[in-house]
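Shown next, in structure tokens, is the structure this report addresses.
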Amino acid sequence: MENNNYENNPKSIKYHVKRYFINNKKRIENKIVVDLPAGNGITSKIIKDLGGIPIAFDLFPEYFKMEGINCERANVLDKIPMVNNSADFVLCQEGIEHFSDQFKALQEFNRILKLNGTLIITTPNYSNLRARLSYFLSESERFNSIMPPNEIDSVWMSNNSITSEIYFGHVFLIGVQKLRVLAKLAGFKIKHIQFTRVKTTSLFLLPFAYPFIFISSFITYFKNVNKNKGYDKDFQKQVYKEVFKLNINPKILVDGHLFVEFEKEKNAEEVLGGLKSVHKEFGTT
């Protein structure tokens, strides 16, 4: 069970989420804010106290403890029990790293959000240098501390008397590049990346690793940006430039969490209708 003091601890992501909502109080006043997964309800209460209208969902609502706010059971990979285009904000706080189908989850968030609505995603930063080193050494979240994902440590909740669904641990950790492209394909664009706090190991590695990251990223960008891939040249440059900037962003390389604010640009169906295939014939003639 989470400690309510986490919201006042700068080492906790709940602290940074709280600060975000305080700073955006006017934006959320009288607005519908979906909180999924809602956990024990700390953030839902913060939203309510700031004048927002929290709608809380969780795979295990039995752990939701805030009086005056209802929390319904919902599996984002099934369907969130809300009508299309009805929410102003969706908060997915420390949730996406638990979802086995992250693209489907993002499409579902898109479905319930109004056009130009806001999706906020926080997740452990799999793009920082410590995470990259951990994966290189042992494919674990933290080297010399946590085992790689396994059937002992990676099943966080499984209770058939409540639900047949499994709440996985950090099996599906996601970096900023993968998060960006899945969100883009689901109809979102990055509006803002909020810095949270420095990871000491990542900061130590930065001076040694950054020159190699920058040079490698630039060479890859240069090799690809001038290739004819069937897209408008300006659009191709725009996409690759955004990807390049994310890859060399020092704040992302040292931040402990990803805290990304997305804006809904289009309905997910519109995006899928405009995609082009790289392998047009799938190996057939």
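Please treat every number below as a calculation from the coordinates, not as lab data. On a predicted model such as this, the values are computed, not experimentally measured, just so you know. Positions of Cβ are backbone-derived with ideal geometry, glycine not excepted, and every protein chain shown enters the neighbour counts.
Confirm whether residue 168 is on the phi < 0 side of the Ramachandran plot and in contact with a Leu (Cβ under 7 Å, 6 or more places away or on another chain). Answer is no for this residue. Within segment 132-145, the set of residues being among the aliphatic types (A, V, I, L, M) and free of Cβ contacts under 8 Å to residues at least 12 places away in the same chain comprises just one member, 137. For segment 211-221, does any single residue satisfy the condition of being under 25 Å from the mean Cα position of the chain (by Cα) and closer than 14 Å to residue 127 by Cβ? Yes, that holds for at least one residue.
At least 1 residues being in contact with a strand residue (DSSP E or B) (Cβ under 6 Å, 6 or more places away or on another chain) and either within 30 Å of residue 134 (Cβ to Cβ) or touching a residue at least 40 places away in the same chain (Cβ under 8 Å) (or both) is the threshold, and among the helices (runs of 4 or more DSSP H) wholly inside segment 221-274 those reaching it are 250-254.
If the condition is being of a type in the set (Ser, Thr, Tyr) and crowded, with 16+ Cβ neighbours inside 10 Å, then segment 136-153 contributes only 140. From the list 47, 13, 69, 42, the one residue that fits, being over 23 Å from residue 187 (Cβ atoms), in contact with a His (Cβ under 7 Å, 6 or more places away or on another chain) and β-branched (Val, Ile, Thr), is 13.
Going by the conditions given, is residue 109 outside any strand (DSSP E or B), on the phi < 0 side of the Ramachandran plot, in contact with a strand residue (DSSP E or B) (Cβ under 6 Å, 6 or more places away or on another chain) and not β-branched (Val, Ile, Thr)? Considered against the rule, which asks whether it is outside any strand (DSSP E or B), on the phi < 0 side of the Ramachandran plot, in contact with a strand residue (DSSP E or B) (Cβ under 6 Å, 6 or more places away or on another chain) and not β-branched (Val, Ile, Thr), residue 109 comes out as yes.
Can you tell me how many residues within segment 179-195 are touching a residue at least 60 places away in the same chain (Cβ under 8 Å) and not in a strand (DSSP E or B)?
Residues flagged as touching a residue at least 60 places away in the same chain (Cβ under 8 Å) and not in a strand (DSSP E or B) within segment 179-195 amount to 10.
All of (1) more than 17 Å from residue 157 (Cβ to Cβ); (2) in contact (Cβ under 8 Å) with a residue 60 or more places away in the chain; (3) not charged (D, E, K, R) hold for residue 44 with one exception: (2). Being hydroxyl-bearing (Ser, Thr, Tyr) and under 22 Å from residue 262 (Cβ atoms) is the filter here; which residues of segment 38-90 pass it? Within segment 38-90, 43, 44, 86 meet the criteria.
Residue by residue through segment 147-174, note down the ones that are hydroxyl-bearing (Ser, Thr, Tyr), under 21 Å from residue 132 (Cβ atoms) and touching a residue at least 60 places away in the same chain (Cβ under 8 Å).
Within segment 147-174, no residue meets the criteria.
Yes/no matrix, rows are residues, columns are (1) touching a residue at least 40 places away in the same chain (Cβ under 8 Å); (2) touching a helix residue (DSSP H, G or I) at 6+ places or on another chain (Cβ under 6 Å); (3) aliphatic (A, V, I, L, M); (4) under 19 Å from residue 113 (Cβ atoms):
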position	(1), (2), (3), (4)
39	yes, no, no, no
50	no, yes, yes, no
62	yes, no, no, no
66	no, yes, yes, no
70	no, no, no, no
77	no, yes, yes, yes
90	yes, yes, yes, yes
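Scanning segment 87-106 for residues that are among the charged types (D, E, K, R) and assigned to a helix (DSSP H, G or I), we see that the one that is surrounded by the fewest Cβ atoms within 10 Å (Cβ to Cβ) is 104.
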